[in-house]
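Colleague: Below is the structure I would like to discuss, written out as structure tokens.
The values are calculated or read from the model by the stated rules, or taken from the named source; none is laboratory data. Note that this is a predicted model, so its numbers are computed, not measured. Virtual Cβ from ideal backbone geometry, glycine too; neighbours counted across all protein chains shown.
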Amino acid sequence: MAFNFDEGIDRRHSDSSKWNKYGNDVLPMWVADMDFRSPPCILEALHKRVEHGVFGYGAKPQALIDVIVERMANRYQWQIKPEWIVVLPGVVAGLNLSVRAFTTPDESTIAPTPIYPPFKKSSAFAQRPQLNAPLRLENGRWVMNLPALEPQLTGKEKLLMLCNPQNPGGTVYTRDELHQQLAFAQRHNLIVCSDEIHCDLLLEPDATHIPFATLSADAEQRSITLFSPSKTFNIAGLGASLAIIPDTELRKRFNTVREGIVPSVDVLALTAATAAWRDGEPWLQELLPYLRHNRDRLVNAVSDMSGLTMTAPQATYLGWVDASALPVDNPTLCFQKAGLGFSPGADFGEAKFVRINFGCTSAMLDEAIKRMEAAVKSVS
């Protein structure tokens, strides 16, 4: 193995929001950043850029645009045009801009539940109502039940917000499932914002990521697709993301709402993103088996714990654990008392769940499992 994912890096005395949230006696396994050193290609590119010594206002670098166009063509046979690309300082900004650009105050968004918290917050911040399509567990996968919403629709719904791979459930949607989502959007004349930030973190060898926009010409023209190297290559603190918006009018509305509010991306973030997508593949191909081993270790351990269940996520480094059978009112607090900082399921829409970040060293995961076992035994 060329890259050492077992290296323990002390982050408690850095500026890490993940590690600074709790005291020294709590293992933080909540927010979605990994504890691995970023790929050497990114570090080398940043060192070279820093040595240049001048950090003026940055322009959208042609090298980054070329990398993105090539990546979409090679991975998804999606022939995008450079002018479709809008570079952003984060996918969350893209979610918020989409809500504000494509709905009015009396129009609604639609999103799954449970879901990554900014999906709900983006509508709440813009004071737009939101309908939530429940996820249901089918054959070990969390899938969205959009038809369940049909009786509640009023005609005021304008934006369908998708998440693929799904966060927190880890589902990679099949082509048939995506076509069902497209058919729903067509029936109700919805614009679609698809957050695909975890698309490279596929843990199942037979799972294939399919961008929503590639389903058809219609899907392409009604969609905003959000990508970022931040989760894949562990550079979340270097905010560089992009929205691919093929339709000219939608892109114009998106950029108009952005003006004067969402800043351009800084030069170091652009440097890191370019290096990640251009040269980071060898690192990623070694990361995935490591994450898969961590996932399997966690799933097997949870299956032996009374009161907990967990399905194996097809993608991401996030475990969605059902603690509803645990005899406690607040599972997040129960685990925190045992020295574990998990994401509260309530933030995603399910108070009896917790989300566990297993993007960490095997040694840290083993310690976390020991603490989980102790926590479960203490209340059983």
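Colleague: Test Thr154 against the stated conditions and say whether it is modelled with pLDDT of 95 or more, among the hydroxyl-bearing types (Ser, Thr, Tyr) and either over 18 Å from Thr225 (Cα atoms) or more than 13 Å from the chain's Cα centre (by Cα) (or both).
Modeller: yes
Colleague: Quick one: is Thr103 in contact with a strand residue (DSSP E or B) (Cβ under 6 Å, 6 or more places away or on another chain), among the β-branched types (Val, Ile, Thr) and under 22 Å from Gly345 (Cα atoms)?
Modeller: no
Colleague: Filter segment 1-42 down to the residues that are part of a loop (DSSP other than H, G, I, E, B) and aromatic (Phe, Trp, Tyr) and list them by number.
Modeller: If the condition is that a residue be part of a loop (DSSP other than H, G, I, E, B) and aromatic (Phe, Trp, Tyr), then Phe3, Phe5, Tyr22, Trp30, Phe36 are the ones that fit.
Colleague: Then there's this: Inside segment 278-287, can you point out the residues that are more than 10 Å from Cys41 (Cβ to Cβ) and either buried (at least 22 other Cβ atoms within 10 Å of the Cβ) or touching a strand residue (DSSP E or B) at 6+ places or on another chain (Cβ under 8 Å) (or both)?
Modeller: Leu287
Colleague: Pairs only if they're at least six apart or on different chains, beta carbon under 6 angstrom, first in segment 219-236 and not assigned by TED's automatic domain parsing to the domain that holds Pro89, second of a type in the set (Val, Ile, Thr) and part of a loop (DSSP other than H, G, I, E, B); list them, first residue then second.
Modeller: Sorted first by the residue in segment 219-236, then by its partner, the list stays empty.
Colleague: A further question on this structure: Mind listing whichever residues of segment 92-121 are assigned to a loop (DSSP other than H, G, I, E, B), hydroxyl-bearing (Ser, Thr, Tyr) and surrounded by fewer than 24 Cβ atoms within 10 Å (Cβ to Cβ)?
Modeller: Listed by number, the residues that qualify are Thr103, Thr104.
Colleague: Further question: Taking segment 257-296, which residues are farther than 20 Å from Cys199 by Cβ and β-branched (Val, Ile, Thr)?
Modeller: Val257, Ile261, Val262, Val267, Thr271
Colleague: Consider only pairs whose beta carbons are under 6 Å apart and that are at least six residues apart or on different chains; among these, list those whose first residue lies in segment 4-28 and is on the phi < 0 side of the Ramachandran plot and whose second residue is in a helix (DSSP H, G or I) and hydroxyl-bearing (Ser, Thr, Tyr).
Modeller: Going by the 6 Å Cβ cut-off, the qualifying pairs are Phe5/Tyr290.
Colleague: Only residues that are out of contact with any Ser or Thr (no Cβ under 6 Å at 6 or more places or on another chain), among the acidic types (Asp, Glu) and more than 17 Å from Gly339 (Cβ to Cβ): list them for segment 1-29, please.
Modeller: Listed by number, the residues that qualify are Glu7, Asp10, Asp15.
Colleague: Only one of these conditions is not met by Phe358: (1) touching a Lys or Arg at 6+ places or on another chain (Cβ under 8 Å); (2) surrounded by fewer than 17 Cβ atoms within 10 Å (Cβ to Cβ). Which number is it?
Modeller: The number of the failed condition is (2).
A quick yes/no check of all residues on (1) under 27 Å from Leu270 (Cβ atoms); (2) touching a residue at least 40 places away in the same chain (Cβ under 8 Å); (3) hydrophobic (A, V, I, L, M, F, W, C); (4) not assigned by TED's automatic domain parsing to the domain that holds Gly345:
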| residue | (1), (2), (3), (4) |
| --- | --- |
| Pro89 | yes, yes, no, yes |
| Val92 | yes, no, yes, yes |
| Leu95 | yes, yes, yes, yes |
| Tyr116 | yes, yes, no, yes |
| Ser123 | no, no, no, yes |
| Gln127 | no, no, no, yes |
| Leu153 | no, no, yes, yes |
| Leu159 | no, yes, yes, yes |
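Colleague: Residue check, Gly58 against (1) touching a residue at least 60 places away in the same chain (Cβ under 8 Å); (2) in a helix (DSSP H, G or I), all met but one. Which one?
Modeller: (2)
Colleague: Which condition does Arg292 not pass, out of (1) under 21 Å from the mean Cα position of the chain (by Cα); (2) in a loop (DSSP other than H, G, I, E, B); (3) of a type outside the set (Asp, Glu), if it passes all the others?
Modeller: So Arg292 meets the others, but not (2).
Colleague: Across segment 229-272, which residue is surrounded by the fewest Cβ atoms within 10 Å (Cβ to Cβ) among those that are more than 24 Å from Phe212 (Cβ to Cβ) and acidic (Asp, Glu)?
Modeller: Of everything passing the filter in segment 229-272, Glu259 is surrounded by the fewest Cβ atoms within 10 Å (Cβ to Cβ).
Colleague: As an exercise: evaluate Arg175 against (1) of a type outside the set (A, V, I, L, M, F, W, C); (2) surrounded by fewer than 21 Cβ atoms within 10 Å (Cβ to Cβ); (3) closer than 18 Å to Thr109 by Cα and give the number of the one condition it does not meet.
Modeller: Exception for Arg175: condition (3).
Colleague: From the residues in segment 178-208 that are crowded, with 18+ Cβ neighbours inside 10 Å, of a type outside the set (A, V, I, L, M) and farther than 17 Å from Leu318 by Cα, which one is farthest from the chain's Cα centre (by Cα)?
Modeller: Ranking the qualifying residues of segment 178-208, first place goes to Phe184.
Residue-wise test of (1) surrounded by fewer than 18 Cβ atoms within 10 Å (Cβ to Cβ); (2) hydrophobic (A, V, I, L, M, F, W, C); (3) under 25 Å from Leu201 (Cβ atoms).
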residue	(1), (2), (3)
Gln127	yes, no, no
Gly140	yes, no, yes
Met144	no, yes, yes
Leu160	no, yes, yes
Cys163	no, yes, yes
Asn167	no, no, yes
